[in-house]
Every structure is written in C-alpha cells, then in structure tokens.
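Taking it in order: structure first as structure tokens, then the write-up.
The values are calculated or read from the model by the stated rules, or taken from the named source; none is laboratory data. Everything quoted here is computed from the prediction, not taken from an experiment. Counting neighbours? That spans all protein chains shown, and the Cβs are built from the backbone with ideal geometry, glycine included. Side chains included, ligands, DNA and RNA excluded: accessible areas come from the protein's heavy atoms. Shrake-Rupley method; radii C 1.70, N 1.55, O 1.52, S 1.80 Å.
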Amino acid sequence: MIRVLHSVSNMDRAGIETMLMNYYRHMDHEKVQFDFLCNKTKPGAYDEEIKQMGGHIFHTPGLNPAKYPQYLKYMKKLFEKYPQYRIVEAHNGALGVYALHAAKKNKIPIRIFHAHGASITKDWKWPIKIFCRSRLKYNINHNFTCGIEAARCYFGNKVVENKDYEFIPNAIEVERFLYNEEIRNRIRSEYHLQDKKVIGHVGRFMAQKNHTFLIDVFVEYYKNHKDTKLVLLGDGELMPKIKEKVQTLGIEDAVLFVGNVGNANEWYQAFDAFVLPSVWEGLPVVGVEAQAADLPCVFSDNITREIGLTDKVSFVSTSDKRQWVGYLEKALKDQTRKNNYEVITKNRYNIVEEAKKLQERYIELYRENI
C-alpha cells in the first residue's frame, strides 16, 4: 500500500479539503491511502471519516515562521517514525513549502506542490508568502494544479508555456449534485422557501469570498424583489461580522445563515441561482457543483474562465453592484433545469473517472522512485 501525506490547514469542510475527500473516498485503499498533515490544532469535520477509512491525522506546530525550527524537528521525527512515506503533497498555498522543504531534507523522493489559488492574498503574511513561493521550485519535483491560472500563479509562465504541470481537476460526485426536484421541494418546504426566489452561496466566511460585497448587492436587489431570499452556507471567522451587517441593514428576515452542513448537494437543488463574488479563486469546487445542478451562476470576473462549463455562467466585475443586480435579474428568469451529467464528465470533473487516474499516477510515481 502507498501512503500519501497531504499537507493541509485542517480537514474541515472547505474547497481544498472537500476536493481531497472526494478523491480519497474513491481510491482503492488497499493500493493508495491518504494521511493528513494538519497545521491547525482545531479538529476538522472530516476527521472521523478519515480515521474510519484508515487514514492518519497529524498536527504540526503550525506554519509560524518563528516556529520553523520546531516544525522541522517535528517533521524529522514523523518521517523517522513512518519511514514508508515516499510521497508528500502540499495544498497550503505558498506556505506549503514548509512541508516540502522538510520532505526534501528527509530524502522523501516525491514532493508534489498542488496549486489551488490563482493569486496570493495581500494580507500581513503577504511578504512571507511571496518569499515561500520563490522557494517552491527548489523543493518540489512535481507540479499539480487545478487549472492553468493557478499553475501560472505558483509555477510561472514558463512552466505553463511548456505545459510542465499535471491537471488534477476539482472533481465531484456528480450524481449527488444533479438536479432533483423531489429534494428541491423538501428543502424549500422545510425552510419555508416555497414562494421565494432563492439566491445561494457556498463558501467559508473569509475575506477572499467577499461576503460584504455580496450583502451590498443583495440589498440593492432586494429593494425591488421582496420575494427573494439569500441563503449562505458555510462558517468562518467573519460570520459574526456579516450577521451584524445584515442586522444593521434590517434584512435579517431575507438572509438565511445555514452554517457548515454536510448536505450542500441538496441545497443546490433548492437554489434558483448561485453567486460567487470572490476576490480570487483557483478553480472553485462549488462552481462545478452548482453547474452540475444546472444553476444559473454569477461569478466574479476575478475567477478563472476555466470554470465556465455551461452557457448559464456569467462573469461580472465586483466594482459595479448595479451590474450584479442586472445579472441576477436575468439569472432568476431562467428556471429550467436539466441533467448535466455528460457536461460535467466530459470536462473531467467526474470523480469516479478522475480518482482512478490519480490513483494510477501515484502508483506510477511510487514505482519510479522506489
């Protein structure tokens, strides 16, 4: 059995983690097993499922630069205790270099950086992230990416031009997200949404997802469309701030905070349109899921056009709230829904097919470096 050690934040319900779990569930665990190197001590929603499937979860001292010697010491002990590791794959953005450098120092032969984001957030960690990105090429020997723009961000133009990367799509369990009217009616009845036009969003409450702008857009739309409800799935550090903003604006009856739930696939059925006004994204899993449910989608123009799989997708600048209102009006007029299985599968987002390919790639890499 091959064990792949994935470096992540923690295994909560978020885009990267959900993508990993999609692949993990569809691997033959007698051939390939996933383990997770978490850099936060907070337990994740997927922890128990991982353990049930035979995976291990480790908690590092974290990615604080001041703790880097402590981090390296921890990793040295980990690799000594588990000498079977031959593959380390990092998903932490530029800070993934921590795990990859530790792997190189401990002579782990297969060191994969998996690019997920198409830009690097300019927060107080930005200079550290830029430095870490500059060190990636010295510590990795395989470039994985969810899309071309993510590859360009982390590997550079030359790698993209030479196609020196491997496309690992953010694949999903397509059948779970295909439009289902029975599920739609049940969810809408349970939450008293039968007579509402429902605008849906799925995402962690963090600056990247741009919830403040989304609320501003919804306020403008709601002025002339009182039969509308905004439904927000997810949680995160900015949720209290967004709830406070909703209350201040007096629209708490029109906004539903669902939280971090395990049935997002059912909520897509209940939505009438999907919005993603992110400041940046790589290639968002939620965008694939929404299109599998055949929803009209309004995306920020900061999001890569690679995500546009159907003719129901629009890309709109986040500099113009009124333009978003116009696109929402257009999106909510289209209430026809069809089965999008073929569209999603043709574009390589069907996890049943893609997990087989990734499993074989791990086996191939292992055999080359055994």
Residue, surrounded by the most Cβ atoms within 10 Å (Cβ to Cβ), within segment 228-247, restricted to residues that are closer than 16 Å to residue 271 by Cβ and at pLDDT 95 or above: 232
Selection from segment 288-340 of residues that are open to solvent by 70 Å² or more (accessible area, probe 1.4 Å) and within 20 Å of residue 184 (Cα to Cα): 333, 335, 336, 338, 339
Single unsatisfied condition, residue 338 versus (1) among the charged types (D, E, K, R); (2) in contact (Cβ under 8 Å) with a residue 60 or more places away in the chain; (3) in contact with a helix residue (DSSP H, G or I) (Cβ under 8 Å, 6 or more places away or on another chain): (3)
Qualifying positions in segment 113-144 - touching a residue at least 60 places away in the same chain (Cβ under 8 Å) and farther than 18 Å from residue 281 by Cβ: 128, 142
Within segment 341-370, tally of residues that are among the acidic types (Asp, Glu), more than 22 Å from residue 84 (Cα to Cα) and surrounded by fewer than 16 Cβ atoms within 10 Å (Cβ to Cβ): 2
Lone unmet requirement of (1) at pLDDT below 95; (2) at negative phi; (3) in a loop (DSSP other than H, G, I, E, B) for residue 62: (2)
All positions within segment 265-285 that are open to solvent by 10 Å² or more (accessible area, probe 1.4 Å) and modelled with pLDDT of 95 or more: 265, 266
Sole residue being out of contact with any strand residue (DSSP E or B) (no Cβ under 8 Å at 6 or more places or on another chain) and either within 23 Å of residue 10 (Cβ to Cβ) or crowded, with 17+ Cβ neighbours inside 10 Å (or both), chosen from 131, 155, 177: 177
Near pairs, Cβ below 7 angstrom, 6+ apart or cross-chain, from segment 172-190 (touching a residue at least 60 places away in the same chain (Cβ under 8 Å) and in a helix (DSSP H, G or I)) to any residue that is polar (S, T, N, Q) and open to solvent by 100 Å² or more (accessible area, probe 1.4 Å): 188/194
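Can you tell me which residue within segment 212-235, out of those that are part of a strand (DSSP E or B) and of a type in the set (Val, Ile, Thr), is farthest from residue 322 (Cα to Cα)?
Among them, the one singled out is 231.
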Given (1) outside any helix (DSSP H, G or I); (2) open to solvent by 50 Å² or more (accessible area, probe 1.4 Å); (3) of a type outside the set (Ser, Thr, Tyr), number of the condition residue 34 does not satisfy: (2)
Evaluation of residue 78 against (1) surrounded by fewer than 22 Cβ atoms within 10 Å (Cβ to Cβ); (2) among the aliphatic types (A, V, I, L, M); (3) within 30 Å of residue 287 (Cα to Cα) (one fails), failing number: (3)
Test: residue in segment 112-127 that is under 23 Å from residue 68 (Cα atoms) and in a helix (DSSP H, G or I): yes
Any hit, segment 126-145, residues being modelled with pLDDT of 95 or more and within 29 Å of residue 293 (Cα to Cα): yes
Qualifying position, being more than 23 Å from residue 169 (Cα to Cα), open to solvent by 50 Å² or more (accessible area, probe 1.4 Å) and in contact with a Phe, Trp or Tyr (Cβ under 9 Å, 6 or more places away or on another chain), among 85, 98, 68: 68
